[in-house]
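The structure under discussion appears below in the form of structure tokens.
The values are calculated or read from the model by the stated rules, or taken from the named source; none is laboratory data. Please read all numbers here as calculations on a predicted model, not as lab measurements. When we count neighbours, we look across all protein chains shown, and the Cβ atoms used for this are built from the backbone with ideal geometry, even at glycine. Heads up: the accessible areas ignore ligands, DNA and RNA and are worked out on the full protein's heavy atoms, side chains in. Shrake-Rupley method; radii C 1.70, N 1.55, O 1.52, S 1.80 Å.
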Amino acid sequence: MDIRQAFLDYFASKGHTVYESAPLVPDDPTLLFTNAGMVPFKNIFTGEVPAPNPPRGTSCQTCIRAGGKHNDLENVGHTARHHTFFEMLGNFSFGDYFKEDAIAYAWEFVTEVLELPKERLWVTVHESDDEAEAIWAKHIAKDRILRMGDKDNFWQMGDTGPCGPCSEIFFDQGEEHFHGPEDYMGGDGDRFLEIWNLVFMQYERDKEGNLTPLPKPSIDTGMGLERVVAVKEGKLSNYDTELFMPIIREVEELVGRRYEYESGASYRVIADHLRSTTFLLAQGVNFSNEGRGYVLRRILRRAVRHGYMLGLREPFMYRLVDVLVKIMGGHYTYLKEKQSAVEQMMQLEEERFFATIAAGIELFEKELKNTKKLFSGAVAFKLYDTYGFPLDLTQDMLKDKGIEVDIAEFERLMAEQRERAKAAWKGSGDARVEGDFKALLEEFGHNTFVGYDNLKAESRVLAVLNDGFARVKCLEPGQRGWVMLDVTPFYAESGGQTGDAGVLRVMNGDEVVAEVVDTKKFFDLNLSEVVAKTKLCENDLVEAAVDTTRHEIAKHHSATHLLHSALREILGDHVTQAGSLVEAERLRFDFSHPKAMTGEEIAQVEKWVNDVVERGIEGETEEMDIESAKAKGAMALFGEKYGEKVRVVSFGERSVELCGGTHVRNTAEIGMFLITKESGVSAGVRRIEAVCGHAAYELVKSMRATLAQITHELKAKDPLQGVEKLQQQVKQLKNELKEAQKSRKAEIKTEKIGDVTVVVDEVEGGDIKAMIDDLKNAHDKVAVMLFQKKGDKVLIAAGQKGTNAKAGAWVKAIAPVLGGGGGGRDDFAQAGGKDPSKIAEAKTKALEYLKETL
């Protein structure tokens, strides 16, 4: 039985819109990952945007809980239910139906669709929720309904905001399997398994903790797919189901040892972590040392360590991707599309860790022998910094031994070093924007963008907002704020393309009412940021005109599409977009590729794009449904929101992409295309920076001016010949300097104190450390101190071999004579002085010191 599809079909039959799973990286700066089914609908539940039509929906949402506040990582593999990645089935009512229907739907689905035996079902309600208990009593015997307190049966989004009681459905897994003291309904044992939580959002909690009934209460439910599959298959562990066992069987093949549940935690960790790493990579998250990419790295390396424990000594996770795609690729089709790229990135990261894991584990085991209660924070830091062991991996290795890491020492060492990774999620760094957007949507709906075909438009100012996004009547001259135009030619920042700038003029006149400095989208509202030049008010009629830089932006956007095609043609189909920036002066394109491009590959890509530009291929823009677009070969980006109709931008067969941005009408308009830089962004992600159009002309002009200046400075018609001549001169001077230094070394005077060769002298040039090393190599017993003027300062260096004089102490005693200080090892030390006039005195004191010491 396909439970996922059965759930969606059931609620679709009840008038619910079926929503695709939203990306694991949420459009919410406060969250690390999407960790619950309601996350994509959070703005609706909080009232920031109006409810959709119809005001009810259903989804199967992919979720990650591994990092930040919601972190199940350390429990994975050791329990029957914990996962870093899971799927949450949910149905939602946005002020539509409430408890009566929510309970009826849940009961019907569980008993008639899933056909779970009623005698094994139990229900809990909040201790104050008489209404829910009365409704449940219509479906299930009253003695199978339990009242529970806030801890178990009250839900809230945060300290303030929407909240309410909840009701949970439990499944009795059988007394014959569970005999613990907590294995009763309401206990903490595993016999009674919670399978579905129905949240009744009926209150608003204020800062004082007061609850006010909501005028339109809502429903948010969540049922873990993995749990329900286990129940339906009669399994006591999620890992024994068809969702995991094919992966575990594949691990058995790799390891050459049969999986047994009691000793099989490592098999389960690998199966779980394969799911989370594959989905994150397929959705565009990349390995890095911070934020989400660091969590991804931690998960993969934890899996690799468990594979190492099973005897695997080379990359293996990437070899398991295929079996996961067979299990889940039917529903999540992008897994098949991204499989090759995912395997490559995973293999590369595994190779990095396998290169250091053996040495790291050896260090760990060595320190463990000396540990009784607290594992050294310094060793944990070295494991992290040198061998790539995340802290929680070291903690995981210590878990079954009951030993903790000295966290204070670890964090102190982290603080001393440049921050390489964030120990805890601090948000994405984006500012959370709050404003009167819901009111604008309810009053006006979405405004109309006409900028594809028109760079000017006669518009009415529907609304004015201040710089804090609060609705105001007018902006005074000099004030900064935002305007919503009924019809706008200004493109809002999206898909990597920067937002348009321009002006608002009085209708049929030249007077500028406001300067448009940027344009952005807020809940699909196109709003332009303005600086008022005269008084600007609601209902004003204006002429909106886009800045001339728009055409340069369009050139760079079209060039980005051609660059994407060129990279796939030359490097391979594994190349996918990982990010982009399109401006009037430049473009930046991030893409998946396991290694740096060669100079030849960069030249090939540049030539490919310029060839297409020179051919003057007409651009074509069409609107069609998403499936037709894919059939045409259009590349869709994961995480982008596409409506029923999508916009396809094509340049012949050379480039076909889904895109809402602005483009040139013909590739010839792009002009010259130049790649200015290729670099790495993170593991498996490269970046190309490039210019075209006017920016390329300016770059060539600048390069030509620089070349002319170089030619002038070299006093050579051919700058390459001039450089070659200079190189020969430098080589000759170096040789002359070396000969001079050799002769200077020969002039260094030595004397004897007992059987020790002593040198205390001033040298004019050369490497005095090298001179000291030469003297130490030439004598069995030697003590040397050399002085060298460096402008108005003095460099002092000392060395000794085979004597009881210590270079560090010697330097420390003499440097103050020259107004300086320093020190070092017994065999070599150096210092600096500030008074060159005292060198003669310092030499005398240095000899006196030696005579006393030797």
Tell me whether region 329-342 contains one or more residues that are closer than 17 Å to Leu393 by Cα and in contact (Cβ under 8 Å) with a residue 12 or more places away in the chain. no
Number of positions in region 229-257 that are touching a Gly at 6+ places or on another chain (Cβ under 9 Å) and at negative phi: 8
If only one of Thr621, Thr576, Thr598 is touching a Ser or Thr at 6+ places or on another chain (Cβ under 9 Å), surrounded by fewer than 19 Cβ atoms within 10 Å (Cβ to Cβ) and among the β-branched types (Val, Ile, Thr), which one is it? Thr621
Any hit, region 162-183, residues being more than 30 Å from Lys118 (Cα to Cα) and not charged (D, E, K, R): yes
Scanning region 110-144 for residues that are in a helix (DSSP H, G or I), touching a Phe, Trp or Tyr at 6+ places or on another chain (Cβ under 8 Å) and among the aliphatic types (A, V, I, L, M), which turns out farthest from Pro217 (Cα to Cα)? Val113
Can you tell me how many residues within region 453-479 are in a strand (DSSP E or B) and free of Cβ contacts under 8 Å to residues at least 40 places away in the same chain? 3
Here are Phe591, Phe651: which of them is of a type outside the set (S, T, N, Q), at pLDDT below 95 and surrounded by 14 or more Cβ atoms within 10 Å (Cβ to Cβ)? Phe591
Run down Asn91, Asn43 and say which single residue is among the polar types (S, T, N, Q) and open to solvent by 20 Å² or more (accessible area, probe 1.4 Å). Asn43
So the check is Cβ under 8 Å with 6+ separation or different chains; which pairs have a first residue in region 72-88 that's touching a residue at least 12 places away in the same chain (Cβ under 8 Å) and farther than 9 Å from Arg302 by Cβ and a second one that's of a type in the set (Lys, Arg) and surrounded by fewer than 23 Cβ atoms within 10 Å (Cβ to Cβ)? Glu74/Lys399; Arg81/Arg227; Glu87/Arg4
Ile248 - would you say it is open to solvent by less than 10 Å² (accessible area, probe 1.4 Å) and more than 16 Å from Met346 (Cβ to Cβ)? yes
Only one residue in Gln830, Gln800 is in contact (Cβ under 8 Å) with a residue 60 or more places away in the chain, surrounded by 20 or more Cβ atoms within 10 Å (Cβ to Cβ) and within 54 Å of the chain's Cα centre (by Cα). Which one? Gln830
Hits in region 185-212 - residues which are farther than 18 Å from Ser167 by Cα and either open to solvent by 70 Å² or more (accessible area, probe 1.4 Å) or of a type in the set (S, T, N, Q) (or both): Asp190, Glu204, Lys207, Glu208, Asn210, Leu211, Thr212
Looking at region 2-25, which of its residues are open to solvent by 20 Å² or more (accessible area, probe 1.4 Å) and either more than 26 Å from Trp107 (Cβ to Cβ) or touching a Leu at 6+ places or on another chain (Cβ under 7 Å) (or both)? Arg4, Val18, Glu20, Ala22, Pro23, Val25
Just to be sure I understand, how many residues within region 318-338 are more than 21 Å from Cys60 (Cα to Cα) and either buried (at least 19 other Cβ atoms within 10 Å of the Cβ) or touching a strand residue (DSSP E or B) at 6+ places or on another chain (Cβ under 7 Å) (or both)? 3
On the basis of being closer than 30 Å to Arg292 by Cβ and either open to solvent by less than 50 Å² (accessible area, probe 1.4 Å) or at pLDDT 90 or above (or both), does Thr488 make the cut? no
Which condition does Glu337 not pass, out of (1) farther than 30 Å from Gly402 by Cα; (2) at pLDDT 90 or above, if it passes all the others? (2)
Of the numbered conditions (1) in contact with a strand residue (DSSP E or B) (Cβ under 6 Å, 6 or more places away or on another chain); (2) open to solvent by 50 Å² or more (accessible area, probe 1.4 Å); (3) not basic (Lys, Arg), Glu644 fails exactly one; give the number of that condition. (1)
Would you say Ile247 is among the aliphatic types (A, V, I, L, M) and under 22 Å from Met309 (Cβ atoms)? yes
